[in-house]
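Asks: Before I ask anything, here is the structure I am working with.
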Amino acid sequence: MASSSEIRESFLRFFAEREHERVASGPLVPPNDPTLMFANAGMVQFKDVFTGKESRPYSRATSSQKCIRISGKHNDLENVGVTARHHTFFEMLGNFSFGNYFKQDAIKFAWDYFIDTLGLDPERLVVTVFGGEEGFAPADDEAAAIWKDVTGFPDERIIRCGAKDNFWQMGDTGPCGPCSEIHYCLGLDDIDPRTFGEEPAADGRGWFELWNLVFMQFERHAGGRMDPLPAPSIDTGAGLERIAVVKQGVLSNYDTDLLRPIVDLASEISGKRYRASQSEDDVSMRVIADHARTTAFLISEGVFPDKEGRAYVLRRVMRRAIRHGHRLGIHEPFLHHCALRVVEDMGDVYPQLVERRALIDEITQQEEERFRRTLDRGLQLISDNKEWIDAGGARSLPGKVAFKLYDTYGFPLDLQNVIGEEQGFDVDHAGFDAELAQARQRSQGSKVG
Ligand code: GLY
């Protein structure tokens with residue numbers, strides 16, 4: 001079994017041995033980039049290098065990038081803790097070529113790393129290529145031919161997909177291009193490429209993406225126009241948590257050494273046994289583990305929970321975790337213990353965590369104390385609410401109550417949705433928006449969140 005530290009190191013070493021500069025992770029909060037809330041891929045710190053606006057003393061690089069995907073293009077918050085793969089925080093391993101090598105080498109490197117260095121079983125893999133789509137680019141026959149040559153795969157294991165899956169862009173603007181993905185069939189004896197595309201089972205069995213190779217060829221501008229980049233380039237992203245799943249012989253990312261220790265800590269604090277199931281308790285422990293990582297990393301970069309922008313996103317995440325702890329019957333502040341476990345486990349790779357340890361501890365505890373003071377009163381407000389809106393036979397929490405929960409008690413709207421799912425009601429979002437707009441008017445345009 002390879003530890004996640006060994007996998008991370010082996011990836012960076014493999015590319016360093018092939019003349020790639022080892023570059024430290026860029027920050028989660030991209031400096032001077034209003035188009036992006038958080039770094040969501042390894043290429044973010046190299047964005048201007050791809051477009052030719054910035055030059056570096058190297059034309060090949062490799063990194064392990066801290067990423068957060070919560071809102072916008074790659075929004076998965078509702079699935080976190082429910083599926084085996086979704087996270088808010090994760091690490092992306094990547095290799096990059098800035099006008100140096102292109103498809104042929106990128107594909108060969110990826111294959112050699114997976115098969116020769118990591119020892120993955122090629123029988124469990126399929127690859128995808130871009131099948132062409134109006135408004136994007138023609139079919140990537142070149143990539144398909146290289147894959148065939150490098151892997152020896154028959155055509156049915158080189159699968160053509162549309163732009164939704166095989167055209168990568170960081171956001172609405174920026175460098176982009178067709179991509180090829182390597183997918184792995186986990187935990188099944190019968191490996192049939194014809195089942196590719198079927199949803200994996202809740203426990204994680206089935207096909208899932210391990211590595212995405214983006215053939216950067218264009219820059220997309222506001223309004224949708226695409227111009228060719230000065231030189232075709234390579235941007236790849238492989239989720240460390242996912243590779244750890246394969247190498248550690250487990251089904252869920254939450255059972256890898258990256259997350260399981262935090263899940264176990266949540267279990268220890270709550271006194272509830274973790275059974276790696278889909279039970280509400282187990283989902284709650286996984287949510288806590290994921291959100292503790294986002295909490296520790298964002299605070300280490302100077303983002304503190306508050307009412308607007310990134311700070312509000314952090315507050316949402318922290319309060320969701322705290323609410324899940326409350327559900328598990330944890331009555332004392334606990335999230336700081338989980339965040340400090342993240343510092344302990346990842347501080348050697350991301351030293352900023354260690355430097356800001358005391359701050360992570362203090363801010364997390366303060367936020368939990370603040371939220372816990374109102375949590376019970378907020379839940380009481382929901383159960384005392386007599387004015388359920390009748391939404392086609394289902395109960396819906398009126399906008400007025402939802403807004404009070406948000407404004408007075410600090411319950412982010414998506415947290416109310418979480419509670420609604422548990423207790424069997426919807427939230428009247430339109431009513432909430434109307435209340436919010438009125439409050440904004442009352443405070444003469446000053447922002448409330
Ligand atoms: N930039 C490649 C990826 O995120 O998959």
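The values are calculated or read from the model by the stated rules, or taken from the named source; none is laboratory data. If you're wondering where the values come from, they're calculated on a predicted model, not measured in any experiment. So basically every Cβ, Gly included, is an ideal-geometry build from the backbone, and we count neighbours across all protein chains shown.
Asks: For the condition in contact with a Cys (Cβ under 9 Å, 6 or more places away or on another chain) and either farther than 20 Å from Met92 by Cα or of a type outside the set (S, T, N, Q) (or both), what is the one hit in Gly177, Gly135, Gly131?
Replies: Gly131
Asks: While we're on this one: Tell me which residues, restricted to segment 5-36, are within 16 Å of the ligand (Cβ to nearest atom) and within 25 Å of Thr88 (Cα to Cα).
Replies: Phe11, Val23, Ser25, Gly26, Leu28, Pro30, Asp33, Thr35, Leu36
Asks: Looking at (1) within 16 Å of the ligand (Cβ to nearest atom); (2) in contact (Cβ under 8 Å) with a residue 60 or more places away in the chain; (3) under 28 Å from Asp112 (Cβ atoms), which one does Gly174 not meet, given that it meets all the others?
Replies: (3) is the only condition that Gly174 fails.
Asks: Does any residue of segment 183-197 turn out to be within 16 Å of the ligand (Cβ to nearest atom), under 30 Å from Asp33 (Cβ atoms) and surrounded by 15 or more Cβ atoms within 10 Å (Cβ to Cβ)?
Replies: Within segment 183-197, none of the residues are within 16 Å of the ligand (Cβ to nearest atom), under 30 Å from Asp33 (Cβ atoms) and surrounded by 15 or more Cβ atoms within 10 Å (Cβ to Cβ).
Asks: Residue pairs, Cβ under 8 Å, 6 or more apart or interchain, first in segment 199-222 and more than 27 Å from Ala144 (Cα to Cα) and away from the ligand (no atom under 16 Å from the Cβ), second part of a strand (DSSP E or B) and at pLDDT 95 or above. List them.
Replies: As it stands, the answer is Gly204/Leu186, since those pairs meet every condition given.
Asks: What do you reckon, is Tyr184 out of contact with any Ser or Thr (no Cβ under 8 Å at 6 or more places or on another chain) and within 26 Å of Glu142 (Cβ to Cβ)?
Replies: Criteria met by Tyr184.
Asks: If I filter segment 52-68 down to residues being in contact (Cβ under 8 Å) with a residue 40 or more places away in the chain and within 15 Å of the ligand (Cβ to nearest atom), which single residue comes out as nearest to Pro228 (Cα to Cα)?
Replies: Step by step, filter segment 52-68, then rank; the result is Ala61.
Asks: Which numbered condition trips up Gly72, out of (1) at pLDDT below 95; (2) of a type outside the set (Lys, Arg); (3) buried (at least 16 other Cβ atoms within 10 Å of the Cβ)?
Replies: (3)
This table checks each residue for (1) in contact with a strand residue (DSSP E or B) (Cβ under 6 Å, 6 or more places away or on another chain); (2) assigned to a helix (DSSP H, G or I); (3) at pLDDT 95 or above.
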| site | (1), (2), (3) |
| --- | --- |
| Lys164 | no, yes, no |
| Pro175 | yes, no, no |
| Tyr184 | yes, no, yes |
| Asp203 | no, no, no |
| Leu210 | yes, no, yes |
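Asks: Can you confirm whether Ala39 is within 23 Å of Thr256 (Cβ to Cβ) and either within 16 Å of the ligand (Cβ to nearest atom) or at pLDDT below 95 (or both)?
Replies: Criteria met by Ala39.
Asks: So for segment 140-157 (the condition being within 14 Å of the ligand (Cβ to nearest atom) and touching a residue at least 12 places away in the same chain (Cβ under 8 Å)), does at least one residue qualify?
Replies: Within segment 140-157, not a single residue is within 14 Å of the ligand (Cβ to nearest atom) and touching a residue at least 12 places away in the same chain (Cβ under 8 Å).
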